[in-house]
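Reading through the structure tokens given below for one structure.
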Amino acid sequence: MKFQLTTAWGFVLIFLTAGVAGIAGGAPFTALQILWVNIIMDGPPALALGVDPTEPDTMKQKPRPPGERLLTPERVLRILFLGVVMTVGTIVTIVVADDVFPDSASDPVFATTLGFTTFVFYQVFNLLNVRSDRGSVFSLQTFTNQAIWISLVAVIVLQAAVVNVGFLQDLFDTTGLTAPQWAWSVAVASSVLWIEEIRKFIARALARR
């Protein structure tokens, strides 16, 4: 649920920001691109989360209060904040794309393609984030669910096809990206992972006191 809600909140904020600021004509993504993200990210990857094994230290944690909601205030704030992070990274990418990569600036859909790909990678990194409220992505526990890794590889391959295969470019209003442009999307989107890693590190440190 946290995963899907963060994606949805990110979409809402991106369109609100683009609409108010007049970025990409107020519509940074096409309807088909939105549907694409919902299908490839809320489909197999989200289902793979459902078979994620419990964390090794689950039994060591304090029991939750009987009346505690699934979405606690802390989790809601985290969802809202990560949605803001995704929005800032995606919008900034669209705005500066032509200046950072002037060789591609003549292509009318280049900036939105780069923003679209960046948003997809945000979901890839956030899927790794939501597997644990406390555990680091950089732990052996990360590799216990092969279904998640298979689904993430599939997402990346499919996204590469959407922005590089001719008839899919026409269908999704995208254009090809160079290696540095892919690297940009990955680097910007990874910010959501590093932010969560810092939060989790602090949470683990406080729990040990």
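The table below gives the values:
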quantity	calculated
Value of Rg/Rh across the chain [Cα atoms, Kirkwood radius]	1.00
By average C-beta atoms within 10 angstrom, highest first, the peptides 125-134, 192-201	125-134, 192-201
Label-zone membership for segment 134-153, site Asn164, 7 angstrom Cα→C-beta point, backbone N under 16 Å	153
Within segment 172-209, backbone nitrogen closer than 14 Å to the virtual label 7 Å beyond the Cα of Val88 toward Cβ	188-196
Gain upon complete extension [Ser106, Leu206; 0.36 nm per residue less C-alpha separation]	30.9 nm
Positive-end residue, the chain charge dipole about Cα centroid, Cβ charges, pick of Ala203, Thr93, Gly26	Ala203
Helix-only CD estimate at 222 nm, as mean residue ellipticity for the chain, using -39500 (n - 2.57) per DSSP H run (n ≥ 4)	-22000 deg cm²/dmol
Local electrostatic count, Ala97, Cβ distance below 13 Å [Lys/Arg +1, Asp/Glu -1]	-4
Rounded to 10°, Cα long-axis angle of helix 110-129 versus longest principal axis of the chain	10 degrees
Sequence ranges 146-156, 36-46, ranked by mean other-Cβ count within 10 angstrom, highest first	36-46, 146-156
Cα long-axis angle, helix 2-21 against the chain (0 to 90 degrees, to the nearest 10)	40 degrees
Test item: Cα-centred dipole of the chain, Lys/Arg +1 and Asp/Glu -1 on Cβ, debye	1300 debye
Angle between the chain longest axis and helix 73-100 axis [Cα atoms, degrees, rounded to 10]	20 degrees
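Just so you know, all these numbers are worked out from the coordinates, no wet-lab data involved. These numbers come from a predicted model, not from an experiment. Note that we place each Cβ from the backbone using ideal geometry, even for glycine, and neighbour counts take in every protein chain shown.
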